[in-house]
Amino acid sequence: MAEAEATAGRLRLYSYWRSTCSHRARIALNLKGVDYEYKAVNLVKGEQSDPEFVKLNPMKFVPALVDGDSVIGDSYAIALYLEDKYPEPPLLPHDLQKKALNHQIAGIVASGIQPFHNRTVLRLIDQKVGAGESVLWTQQQTERGLTAIENLIQLKGRAGKYATGDEVQLADVFLAPQICGAIGVNQIDMSNYPTLARLHSEYMAHPAFVAALPGRQPDAPSSS
Amino acid sequence: MAASKPILYSAWISSCSFRVRIALNLKGVDYGYRAVTRTDLDYEKINPIKYVPALVDGDFVVSDSLAIILYLEDKYPQHPLLPQDLKKKAINLQIANIVCSSIQPLQCYAVIGLVDGKLGSDESLQIVRNYTDKGFKAIEKLLEGCDSKYATGDEVQLADVFLAPQIHAGVTRFQIDMSNYPLLERFYKAYMEIPAFQVAAPEKQPDAPASPY
């Protein structure tokens with residue numbers, strides 16, 4: 001593709017401003033200080049079904065990261081790819097238990113919460129089960145997941161400035177977009193989650209996280 | 001001092017538990033099996049966040065199958081499940097995540113919905129099949145042209161550990177037509193010849209009922 005040659009050497013991220021999964025990838029890239037080209041995929045307009053994009057990611061999901069001839073169409077895989085390719089600053093600790101805690105928190109977000117507010121899922125549930133069922137289900141799953149994470153962080157007693165210590169780690173990369181979404185979209189009452197609410201204010205003060213915010217992306221609707 | 005063996009809290013039918021059982025077997029890790037049911041109130045004392053499976057290693061508890069397996073990958077480096085090559089590693093993680101984030105959670109939702117009476121059996125099955133077919137179709141496409149024994153090579157890797165239980169559930173419980181997915185069908189046949197996978201199968205677990213399906 002001529003387009004690919006023109007930007008050879010520079011990573012390209014296919015992203016939608018509001019997608020929490022894309023948001024994770026943006027945070028990871030920013031934390032690693034990696035310059036990348038932003039390619040918007042408008043999910044509302046169905047651009048994820050464009051044949052060129054489907055070739056890149058047959059799941060028709062964002063984000064997708066293109067690095068030369070490597071295409072990675074999953075935010076978790078992207079985060080760990082960046083972790084290997086750009087070791088500084090590290091997002092995973094050496095300590096196995098702390099590392100496992102990071103994966104566990106990321107896992108609750110990626111498998112336990114986000115799948116239930118994915119756009120296609122919401123449409124399917126409303127169609128098959130009943131209009132409005134998806135809203136209640138999303139809130140229940142979000143609250144269940146956030147409660148689990150809040151309890152887990154408190155139980156493990158490893159939180160510092162961030163979720164698992166005083167350095168930003170993988171758990172924070174996954175948590176920040178989920179909390180943003182919970183506040184902005186799902187109207188979750190964060191007073192039930194004091195640790196997560198505190199983490200949110202830390203993320204909002206960190207440049208890498210701020211630059212990754214949905215509203216800051218090239219495809220975000222401009223505020224009037 | 002001999003270290004005590006890890007304990008796996010597992011449910012026979014849980015594909016998430018199946019993944020961890022495979023990984024433990026592949027790495028030759030001896031473990032204790034504790035069956036957990038959805039209504040098990042004592043389990044909360046072991047794992048306050050109540051998710052299954054959970055691995056208890058000494059005084060350390062970890063749940064979430066991917067987190068557990070990546071922990072095992074570090075602690076027991078034998079039979080590595082992730083290749084060194086970054087591109088191959090990424091495809092393994094992508095496939096694992098399609099399974100654990102885009103197929104299994106929706107299957108779980110549909111099954112629980114049925115059990116709780118929120119979904120009819122047709123609706124439930126339709127949801128499972130919709131998400132299974134979407135995921136399997138995408139993985140088949142991602143691996144187009146694959147001529148290796150398993151998904152990403154001639155050794156079993158992370159993608160295989162996640163694929164096997166999902167295909168097994170599709171075949172035994174949800175009437176997925178695997179002839180639509182020739183690669184996945186071929187891999188599945190190869191997986192079920194491996195003792196580590198056979199011994200981990202749901203119907204072989206201590207808590208499996210006499211007539212499992």
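Enumerate the amide H contacts of A:F61 below 5 Å, restricted to partners 5 or more residues apart or on another chain; note that Pro and chain-start residues carry no placed amide H. Hits under the 5 Å cutoff: none. Taking the inverse of the mean 1/r over every pair of distinct Cα atoms in the protein assembly as shown gives a Kirkwood hydrodynamic radius of 22.1 Å. Between A:V168, A:V41, A:V185, the residue with the greatest mean-square fluctuation in the GNM of chain A (Cα pairs under 10 Å linked by springs) is A:V185. The mean number of partner chain beta-carbon atoms within 10 angstrom of a residue's beta-carbon across peptide B:55-66 is 4.
The distance from the alpha carbon centre of region A:101-119 to that of region B:1-64 is 20 Å, rounded to a whole number.
Using the average count of surrounding beta-carbon atoms within 10 Å as a protection proxy, the listed peptides B:22-28, B:60-66, A:82-88, B:84-90 rank, highest first, as B:60-66, B:22-28, B:84-90, A:82-88. When the other protein chains are added to the chain by itself, burial of at least 40 square angstrom of heavy-atom accessible area (probe 1.4 Å, ligands and nucleic acids ignored) affects these residues of region A:61-80: A:D74, A:Y76, A:A77.
Apolar share of the accessible surface for region B:137-176: 45 percent from carbon plus sulfur atoms, 1.4 Å probe. Interface burial in region A:100-122 reaches 40 Å² or more for A:A100, A:H103, A:Q104, A:S111, A:F116, comparing the full protein assembly with the chain by itself; accessible area from heavy atoms with a 1.4 Å probe.
Heavy-atom accessible surface of region A:1-97, averaged per residue, reaches 43 Å², computed with a 1.4 Å probe.
Projecting the Cα atoms of B:L86, B:L183, B:V128 onto the charge dipole of region B:86-197 (Cβ charges, centred on the Cα centre) puts B:L86 farthest toward the positive pole. Ligands, DNA and RNA aside, A:M204 has an accessible area near 70 Å² when probed at 1.4 Å.
Along its first, second and third principal axes, ordered by size, region A:12-89 spans 36, 25, 19 Å in Cα coordinates.
Heavy-atom accessible surface of region B:1-109, averaged per residue, reaches 39 Å², computed with a 1.4 Å probe. Computed on protein heavy atoms with a 1.4 Å probe, the accessible areas place A:D35, A:D50 in the order A:D35, A:D50, largest first.
Dipole size of region B:5-118 about its Cα centre, with +1 on Lys/Arg Cβ and -1 on Asp/Glu Cβ: approximately 300 debye, rounded to the nearest 20. Positive end of the dipole of the protein assembly as shown (Cβ unit charges, origin at the Cα centre): among A:L152, A:Q140, A:A106, the Cα lying farthest that way belongs to A:Q140. For the residues of B:96-109, the average number of beta carbons from a partner chain within 10 Å of their own beta carbon is 6. With all protein chains in place and a 1.4 Å probe, the accessible surface of region B:8-79 carries 53 percent carbon and sulfur. Note on region B:188-210 and region B:116-183: Cα centroid distance 17 Å, given to the nearest whole angstrom.
When both bridge partners sit in chain A, DSSP labels roughly 60% of those beta bridges antiparallel.
Within the P(r) computed for region A:96-206, what percentage of the Cα pairs occupies the region above 18 Å? Tail of P(r) above 18 Å: 47 percent of Cα pairs.
Roughly what % antiparallel, to the nearest 5, for the DSSP beta bridges in region A:12-89? Here the antiparallel bridges make up roughly 60 percent for region A:12-89.
Taking the Cα centre of the protein assembly as shown as origin and assigning +1 to Lys and Arg Cβ atoms and -1 to Asp and Glu Cβ atoms, the resulting dipole is close to 340 debye.
Quick one: of A:K39/A:K85; A:K39/B:K189; B:K75/B:K204; A:K128/B:K141; A:K39/B:K89; A:K32/A:K98, which pairs are farther than 30 Å apart, Cα to Cα? Checking Cα-Cα distances, A:K39/B:K189 exceed 30 Å. If you take the alpha carbon atoms of region B:8-79 and fit the smallest convex hull around them, that volume is 80 Å³ per residue.
For chain A, the fraction of 1.4 Å probe accessible surface lying on carbon and sulfur atoms is 51 percent. Over the protein assembly as shown, DSSP H runs of length four or greater, each weighted -39,500 (n - 2.57), average out per residue to a 222 nm ellipticity of -15000 deg cm²/dmol. Computed over region B:86-197, the P(r) tail beyond 25 angstrom holds 21 percent of alpha carbon pairs.
When Rg and the Kirkwood Rh are both derived from Cα coordinates, the Rg/Rh ratio for chain B amounts to 0.95. Accessible area buried by the pairing of A and B, both sides summed with a 1.4 Å probe, works out to roughly 3700 Å².
Let me know the shape class of chain A, please: from the alpha-carbon gyration tensor, a ≥ b ≥ c as square roots of the eigenvalues, rounded when a/c is under 1.5, otherwise prolate if a/b is greater than b/c, or oblate. It comes out oblate by the Cα gyration axes.
The values are calculated or read from the model by the stated rules, or taken from the named source; none is laboratory data. Every value quoted in this text rests on a predicted model; they were computed, and no experiment measured them. All Cβ positions, glycine included, derive from the backbone under ideal geometry; neighbour counts span all protein chains shown. For accessibility, only protein heavy atoms count, side chains too; no ligands or nucleic acids. Shrake-Rupley method; radii C 1.70, N 1.55, O 1.52, S 1.80 Å.
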